[in-house]
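Read through the structure below, which is laid out as structure tokens, and then see the notes.
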Amino acid sequence: MTRLLRRVRPAAWPPQFVQAPETRASLRRSHRWSYVPYRSRAYYARPLARRHRIHHRHARRAHAVLWAHTERGGTQPERLAGARAQDRTFGSSELTARVLFPARVIVCLTLLLATAGLRPAAAQPRVRLIATGGTIANQATRRLTGPELIAQTAGLTPLARVEAETFARGPSLALTLADWIQLARRVTEVLASADMAGVVVTGGTDTLEELAWFLDLTIRSDRPVVVTGAIRRPGTVESDGPQNILRAVQVAVSPAASNRGTLVVFNGSVFEARDVEKVSTASPDAFGSRGSGPVGRADEDGVVFSRDIRSRHGVRSEFDLARIPALPRVDVLLTYQDAPGDLITAAIRNGARGVVVASAGAGAIAEGEARAVEYALVKGVPVVLASRVEGGSVSTDEVTVIKGLIAAGDLSPIKARVLLMLALAQGLRGPDLERVFREY
Ligand code: ASP
């Protein structure tokens with residue numbers, strides 16, 4: 001044993017089983033100091049007497065390992081952590097450092113947090129924006145696509161998962177009737193996805209009211225289709241497009257908007273497609289409702305509807321795009337002082353399958369027009385009498401002056417044209433034409 005100890009530190013006598021200061025220092029370096037109970041230099045310097053061996057047998061495990069190691073002649077204590085895990089005791093700080101936040105727990109938490117941020121919330125409604133051009137997309141140098149319109153609209157993320165596609169990028173009048181049918185079919189297709197909350201269609205404001213009414217009559221879904229546009233170009237300080245898109249998406253995800261067909265959202269107002277019309281060429285408050293106000297409002301507090309939609313639309317619409325490959329020509333002729341009738345006859349000779357007269361007052365037409373209307377009816381071309389006046393409707397007295405005339409009620413001449421085109425395309429004639437003008 002003495003020889004053994006001399007090998008450890010031959011110069012020192014009495015032999016030291018553990019060189020206390022050096023050992024503590026090395027233990028501190030390897031963060032294991034806390035396992036080694038403090039003993040004075042004199043304690044470790046004592047020779048290993050027989051009686052001590054008994055004491056050492058009952059020493060704490062950590063201490064015993066240290067002793068055993070030094071007895072084997074090692075100069076450094078063995079790694080205590082490797083002894084037996086159950087022999088280890090932890091202080092509270094050590095428990096925190098070694099058990100609650102080991103590296104792998106921290107890594108797992110980090111990964112979890114990171115993926116939670118990327119994962120879309122399951123409850124978020126899905127909305128598809130379909131861009132068809134117009135001022136809303138008309139930047140100084142080029143026209144924006146659907147995805148670009150989404151990208152420039154702040155505040156969408158908390159509302160919905162908005163996807164976008166580009167149907168067209170020109171002015172509203174560049175869309176043909178064939179484009180309208182294609183667009184309505186596309187919207188119907190998009191709404192066929194069970195998780196699609198609604199569709200937002202952006203487009204030019206000049207004919208937006210006509211497009212909205214066409215979509216209202218042909219998209220047979222209970223989910224909202226919301227049409228919007230802008231008066232001011234994107235990228236300018238007064239640009240109203242982003243705000244209109246935000247409000248349109250808000251309406252598209254609103255449960256209160258379901259079963260209301262196609263709606264037009266503009267400058268925070270919600271209009272029904274049947275009655276909405278452009279009332280200003282320059283103001284961001286560019287839309288109004290013929291004969292009535294908006295049906296609701298959308299603002300930062302939410303979407304509120306103040307009344308129901310009166311007309312037949314959406315799932316209750318009888319107009320089936322599967323049976324409508326194309327729309328026939330229907331012309332609108334305006335009544336004014338001494339209006340001639342030859343424009344009506346010219347329209348019919350050029351292929352019009354129906355005529356709408358935007359009459360004066362409650363349905364008055366000029367003398368020349370009356371003769372042309374009789375000619376049209378003899379030729380089997382239906383003539384619908386609407387009014388160029390914004391409020392009120394066509395009087396039945398005026399309609400009965402000429403047998404066969406159809407009253408548009410309070411439907412605007414432009415909207416009456418859309419309805420007549422659809423009715424004719426679906427093969428409706430005579431009393432059925434009168435019926436649709438009562439029901440829609
Ligand atoms: N000329 C434009 C259009 O209807 C007007 C607008 O979008 O406001 O395409």
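The values are calculated or read from the model by the stated rules, or taken from the named source; none is laboratory data. Quick caveat: nothing in here was measured; it's all calculated off a predicted structure. Backbone-built Cβ (ideal geometry, glycine too); neighbour counts: all protein chains shown. Please note that ligands, DNA and RNA were not included when accessible areas were found on the heavy atoms of the full protein model with its side chains. Shrake-Rupley method; radii C 1.70, N 1.55, O 1.52, S 1.80 Å.
Collect residues whose amide H, placed 1.01 Å from N in the peptide plane, falls under 5 Å from the amide H of A339; neighbours closer than 5 in sequence don't count.
A366
Could you give log10 I(q)/I(0) at q = 0.10, 0.11, 0.16 Å⁻¹ for the stretch 327-439, computed by the Debye formula over C-alpha point scatterers of equal weight, without solvent?
-0.23, -0.27, -0.61
Which one of T202, G288, W213 is farthest out on the positive end of the charge dipole of the stretch 199-312, using unit charges on Cβ (Lys, Arg +1; Asp, Glu -1) and the Cα centre as origin?
W213
Residues in the stretch 225-239 near a label at A151, defined as backbone nitrogen under 18 Å from the 7 Å Cα→Cβ point?
Correct set: 234-236.
Within 10 Å, count the other beta carbons around each residue, average over each peptide in 172-183, 235-246, and list them highest first.
235-246, 172-183
Taking 51 Å as R0, compute the FRET efficiency from the Cβ-Cβ separation of T281 and R429 and round it to 0.05.
Values: r = 38 Å, r/R0 = 0.75.
With R0 = 51 Å, the Cβ-Cβ based efficiency is 0.85.
Among G354, L428, G391, which residue has its Cα furthest toward the positive end of the charge dipole of the stretch 326-440, with +1 on Lys/Arg Cβ and -1 on Asp/Glu Cβ?
Of the listed residues, the answer is L428.
Near K403, which lysines are there with a Cα under 22 Å away, not counting those fewer than 8 places off in the same chain?
K379
Mind checking the full-extension length gain between Q139 and R316? Use 0.36 nm per residue of separation minus the Cα-Cα distance, one decimal, nm.
Full extension from Q139 to R316 adds 59.8 nm.
Using the crude model of +1 on Lys and Arg Cβ and -1 on Asp and Glu Cβ, and no other charge, please compute the dipole size for the stretch 287-403 relative to its Cα centre, in debye to 20.
460 debye
Taking the solvent-accessible surface of protein heavy atoms with a 1.4 Å probe, what is the per residue accessible area of the stretch 172-279 in Å²? Don't skip to the answer; put the middle values down first.
Working: 3270 Å² over 108 residues.
I get 30 Å² per residue for this part.
List the aspartates and glutamates whose Cα sits under 13 Å from the Cα of K415, skipping any in the same chain fewer than 8 residues away.
E209, E210, D216, E272, D275, E277, D331, E390
Work through the residues other than D240 whose Cβ is under 13 Å from its Cβ and net out their charges, Lys, Arg +1 and Asp, Glu -1.
Local net charge: +1.
Excluding R143 itself, what net charge comes from residues whose Cβ is under 12 Å from its Cβ, given Lys and Arg +1 and Asp and Glu -1?
+2
Got a number for the accessible area of E209? Probe 1.4 Å, square angstrom, nearest 10.
Rounded to the nearest 10, the figure is 20 Å².
How much net charge surrounds L377 when only other residues with a Cβ under 14 Å from its Cβ are counted (Lys, Arg +1; Asp, Glu -1)? Display every interim value, and only then the final one.
On the way: positive: R353, R371, K379, K403, R429; negative: E369, E374, E434.
It works out to a net charge of +2.
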